[in-house]
Amino acid sequence: MSTPSQRLPTVKQLRYFSALAEEKHFGRAAARCFVSQSAFSVAIQELESLLDTTLVDRTNRRVTITATGKEIAVLANLCLRDLGALVEAARSQGKPLQGNLHLGVIPTIAPFLLPRTLPLLRSEFPQLKLFLHEDLTRRLHDALMDGTLDLALIALPYELSGIERMELFRDRFLLAACKDTHLVDPQHYRFNRLHAGSVLLLREGHCLREHAVEACRIRDTQKMSRFSASSLLTLIEMVDADLGVTFLPEMAVGSAMLQNTQVSTYELSDNSYRTIGLIWRRGSAREAEFRTLGQFIAGHCKG
């Protein structure tokens, strides 16, 4: 006779519950899993019985996932993702970067690095199916930890828990200003010579803001504009209109965002940079594969 410690949820039960946690509707979740609603409900009840806990509060009109259920859903997603990785590893027969890979990228990297990375990546690893998710670092980390993402391409330093990180390369900061601006003399730039309120930055929450403030040693807050941009595109448009100057990552040079603008970039004399890196869940079975991807990006896509 099996003991309770030997009884484990089946893959089917985990897959069903993961779908229910996302859909929050038995009918839609059952249809998504290509099974009848009655069979689907029985599987969820069996899972609750096996775990000896209530995962779902059921009413006539709505389904509410309990607090415990939300925790189980996250763990179920991680289990399913790792099982998928196991299958992909077996199918690849030792060949790296094949099958599905969900990669998160922050908005201050995606428009600059991806256009030159993806064609090379597709050519080198034609069997790789790469799904891209663009978002802020904190939300990418959340998606990474709940199993939605496999890994993420972010800017460091950034304090995050439960992850492994691989530094790829340094991305220097450049002074960006409208051509012929009177706000700054780019050839003789000194931060203390900037006019009050002339430094434009992204809004709070964008790591590029924090990295620029730290790396470029923006200590005098009076130099910062009271206006901030919600996106890099808006920031560049504000600089193009000569509303202020800013600090852009070197990878932005030559990008589509700067084309057809009057924005020019200038090197800074000090060592101002951010570090581009990959992060993934600690203990992931695909770590070797992720490092292969990191080495490829570092070797082919810098500069």
Residues (more than 9 Å from the chain's Cα centre (by Cα) and in contact (Cβ under 8 Å) with a residue 60 or more places away in the chain) located in the stretch 126-154 = 145, 146, 147, 148, 150
inquiry  = Give me the residue from the stretch 155-178 that is over 30 Å from residue 265 (Cβ atoms) and touching a residue at least 40 places away in the same chain (Cβ under 8 Å) and, out of that set, surrounded by the fewest Cβ atoms within 10 Å (Cβ to Cβ).
reply    = 162
ask   = Given the structure, is residue 240 acidic (Asp, Glu), surrounded by fewer than 20 Cβ atoms within 10 Å (Cβ to Cβ) and in contact (Cβ under 8 Å) with a residue 60 or more places away in the chain?
value = yes
Selection count, the stretch 159-213, where residues are assigned to a loop (DSSP other than H, G, I, E, B), of a type in the set (Gly, Ala, Ser) and either assigned by TED's automatic domain parsing to the domain that holds residue 268 or in contact with a Gly (Cβ under 8 Å, 6 or more places away or on another chain) (or both) = 4
inquiry  = Checking the conditions here, which among 62, 58 is over 33 Å from the mean Cα position of the chain (by Cα), farther than 30 Å from residue 99 by Cα and free of Cβ contacts under 8 Å to residues at least 60 places away in the same chain?
reply    = 58
task = Answer with yes or no whether residue 148 is touching a Pro at 6+ places or on another chain (Cβ under 7 Å) and either at pLDDT below 95 or farther than 16 Å from residue 208 by Cβ (or both).
result = no
key: Residue match in the stretch 179-197 (condition: at pLDDT 90 or above, touching a Leu at 6+ places or on another chain (Cβ under 9 Å) and surrounded by 16 or more Cβ atoms within 10 Å (Cβ to Cβ))   = no
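Every residue, every condition in (1) assigned by TED's automatic domain parsing to the domain that holds residue 102; (2) touching a residue at least 24 places away in the same chain (Cβ under 8 Å); (3) within 20 Å of residue 118 (Cα to Cα); (4) surrounded by 14 or more Cβ atoms within 10 Å (Cβ to Cβ), yes or no:
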{"site": "264", "(1), (2), (3), (4)": "no, yes, no, yes"}
{"site": "270", "(1), (2), (3), (4)": "no, yes, no, no"}
{"site": "282", "(1), (2), (3), (4)": "yes, yes, no, no"}
{"site": "290", "(1), (2), (3), (4)": "yes, yes, yes, yes"}
query = Taking residue 132, is it in contact with a strand residue (DSSP E or B) (Cβ under 8 Å, 6 or more places away or on another chain) and of a type outside the set (Phe, Trp, Tyr)?
reply = yes
task = Answer yes if at least one residue in the stretch 164-187 is within 15 Å of the chain's Cα centre (by Cα) and within 24 Å of residue 79 (Cβ to Cβ), and no otherwise.
result = yes
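The values are calculated or read from the model by the stated rules, or taken from the named source; none is laboratory data. The shown structure was predicted, so the numbers you read here are calculated from the model rather than taken from an experiment. Note that each Cβ is placed from the backbone with ideal geometry, even for glycine, and that neighbours are counted across all protein chains shown.
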